[in-house]
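Here the structure is laid out as structure tokens; the discussion comes afterwards.
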Amino acid sequence: SGDYAPAEQALRSGIPLARAAGARRYLSAMLYSLAQVKLAAGARREARAHLDEALTLAQQTGMAFAGPMILSGIACVEEDPALAKRALEQGEAVLRKPCISHSCLHFYCNAIDVSLQWRDWDGALRYARALEDYVHAEPLPWATLLIERARALAVNGSGKHSDASLHELRRIRAEFERIGIRSALPRIDLALSSR
């Protein structure tokens, strides 16, 4: 929802419990989430440290539980587009085998954003299609909205914008605002302000 302070507080309470219980899979997922909180605050180095530990734990316990989402988190913090792309490719390789759904969903969400960040409009559209294919049998409103956002931002970013695409961005923004997913708004706001 974009409420990062309470999220961090909950994670900081849960991580020691997971460590004490030896729950390495859950610990890796919580470290991934803490990294996302730190990334939102601009603390890239700290986010990367949490992701590196999460990846080590996932490699010990099996990548199917959290591996793809952790690798996509690493792509989010990379400052080199080639390294970000490599992390996404590694995540996609894991996704070719059975994985837990939360990891797939987070992977595609992050892969879309990484593609948008690096102005890879075709990549953003490809990951949006992959997410759409993944949820096809059981569509999720959250995923549908992320797919619409990816497509609208790719159109806008590639310079093919129009009054209709501007209206679509505003509609998508209003829907994210209505349902309380404020973490999806900054990219939309940036696109709208550049118009």
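Details
- Residues considered: Tyr32, Tyr4. Of these, the only one that is surrounded by 13 or more Cβ atoms within 10 Å (Cβ to Cβ), under 28 Å from Ile179 (Cβ atoms) and at pLDDT below 95 is Tyr4.
- Residue list for the range 57-100, filter: closer than 22 Å to Arg44 by Cβ, open to solvent by less than 60 Å² (accessible area, probe 1.4 Å) and aliphatic (A, V, I, L, M): Leu57, Ala58, Ala66, Met69, Ile70, Leu71, Ile74, Ala75, Val77, Ala84, Ala87, Leu88
- Members of the range 158-169 that are out of contact with any Leu (no Cβ under 7 Å at 6 or more places or on another chain) and either touching a residue at least 40 places away in the same chain (Cβ under 8 Å) or surrounded by 11 or more Cβ atoms within 10 Å (Cβ to Cβ) (or both): Ser158, His161, Ser165, Leu166, His167, Glu168
- Near pairs, Cβ below 9 angstrom, 6+ apart or cross-chain, from the range 123-149 (acidic (Asp, Glu)) to any residue that is assigned to a helix (DSSP H, G or I) and open to solvent by 70 Å² or more (accessible area, probe 1.4 Å): Glu148/Arg171
- Which listed residue, of Leu83, Leu95, is more than 16 Å from the chain's Cα centre (by Cα) and either among the aliphatic types (A, V, I, L, M) or farther than 25 Å from Trp142 by Cβ (or both): Leu83
- Filter pass, Gly123 being at pLDDT below 95 and open to solvent by less than 60 Å² (accessible area, probe 1.4 Å): no
The values are calculated or read from the model by the stated rules, or taken from the named source; none is laboratory data. Keep in mind that this is a model prediction, so the values were computed, not measured. Positions of Cβ are generated from backbone atoms using ideal geometry, with glycine treated the same way; all protein chains shown enter the neighbour counts. Heads up: the accessible areas ignore ligands, DNA and RNA and are worked out on the full protein's heavy atoms, side chains in. Shrake-Rupley method; radii C 1.70, N 1.55, O 1.52, S 1.80 Å.
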